[in-house]
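Trainee: Take a look at the following structure, please.
Rule-based calculations on the coordinates, nothing more; no lab input. Please read all numbers here as calculations on a predicted model, not as lab measurements. Note that we place each Cβ from the backbone using ideal geometry, even for glycine, and neighbour counts take in every protein chain shown.
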């Protein structure tokens with residue numbers, strides 16, 4: 001199991017995967033927007049994703065974005 005955390009304060013611009021999707025290492029999970037830049041957040045493991053954010057949410061540095069089990 002791996003946890004994906006935000007690396008900066010940002011808006012959740014787009015959620016690319018759906019709850020329960022099977023993802024592979026390197027797949028894009030969500031796209032964050034900060035200072036007019038789009039930052040892809042990628043899976044760090046293979047597994048089934050559980051999302052902890054939704055489009056439009058604001059995340060702080062260290063916030064949990066997703067869990068891959």
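Trainee: Could you grab the relative contact order for region 2-68? Cα pairs under 8 Å, six or more apart, rounded to a whole percent.
Mentor: Dividing the mean separation by the residue count of region 2-68 yields 45 percent.
Trainee: Then there's this: Show log10 I(q)/I(0) for region 2-68 at q = 0.18 Å⁻¹, two decimals, from a solvent-free Debye sum over equal Cα scatterers.
Mentor: Taken in order of the listed q values, log10 I(q)/I(0) reads -0.55.
Trainee: Place a point 7 Å from the Cα of residue 46 along the Cα-to-Cβ direction; which residues of region 1-19 have their backbone N under 17 Å from it?
Mentor: It comes to 1-2, nothing else.
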